[in-house]
Amino acid sequence: MNISSAIFDRSCPDLDSCPDESLPEFAFIGRSNVGKSSLLNLLSGRPELAKVSPTPGHTKLINMFTMNKTWRLVDLPGYGFAQLARQDKSQFNRAVNEYLEHRANLCLVFALMDSGLAPQDIDIEFVEWLALNKVPFVLVFTKTDKFSVTEVQANIAAFTERISKWFVQLPAIFTCSAKTGDGRQELLGVIGESMAAIEAEARRAPVSREPEGKSSGQAVRKRRPDRARPW
Ligand SMILES: Nc1nc2c(ncn2[C@@H]2O[C@H](COP(=O)(O)OP(=O)(O)O)[C@@H](O)[C@H]2O)c(=O)[nH]1
Ligand SMILES: [Mg+2]
């Protein structure tokens, strides 16, 4: 897939300030510093689009970027230290929770894991939460340039072993490096397939538009359709 335009749309403090749900969205989530913003820049082909920070950030905003004027990449706030300290691990940032549970045009979540680390409890718990809430997602192991193939494969195997009890079929797994570009084509391919499936679905069953002025707010928000998952 070719990205001909990539623009920052807006930063949203909560679900209700997100833009209307007309464009399909693909969201990045993971612990602070795992490489969400770097991967967004890699996929968009714009190294400066999302802010990359060497130290774990404190942003609580949902950052939206529009690609090719037709779909969005969404940089979600990182989960991690603050949540662990509170011993309240099931409660991720409230805006993130609401976004993941209720955003009707959310097509797929890229759940990012550091490929150099053994499975972290908070990541395992987050994956369990995604499974329980039926959020469509794939796993992406980041920063592969920093570690040997053997280390990465061992960490992925240990991770899948720990989550396997929650799945009949394991989620798809990808690796990436924002430094070498590893994984870019594969992940854009996943987005491309998803977009093609949505377009095919729209051709089969055109959705009647909701009346103007009723497109925001929890009460009138549509339920996310169950989609066949090609990945
Ligand atoms: N070597 C290497 N460093 C990376 C990679 N992805 C991110 N980083 C670095 O990890 C740090 C955090 O990255 P960032 O994208 O801001 O993570 P975020 O907090 O999840 O958005 C920055 O110093 C990045 O340069 C990668 O693939 N390889
Ligand atoms: Mg970031």
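Taken as Cα centroids, segment 1-66 and segment 108-176 sit 20 Å apart, rounded to the nearest whole angstrom.
On the basis of the beta-carbon distance and an R0 of 41 Å, residue 204 and residue 153 show a calculated FRET efficiency of 0.55. Does segment 33-73 come out rounded, prolate or oblate by the C-alpha gyration tensor, with a ≥ b ≥ c the root eigenvalues, rounded set by a/c under 1.5 and, if not, prolate when a/b is larger than b/c and oblate if not? Since a/c reaches 1.5 but b/c is at least a/b, the shape of segment 33-73 is classed as oblate. In order along segment 41-51, the phi-based Karplus estimate (6.51 cos²θ - 1.76 cosθ + 1.60, θ = phi - 60°) of 3J(HN,Hα) comes to 5, 4, 5, 6, x, 10, x, 9, 5, 9, 6 Hz; Gly and Pro are listed as x.
We did not get these values from a lab; they are worked out from the coordinates using the rules stated. The model shown is predicted, which means the values in this text are computed figures rather than measured ones. Here the Cβ is made from the backbone with ideal geometry for all residues, glycine too, and neighbour counts use every protein chain on show.
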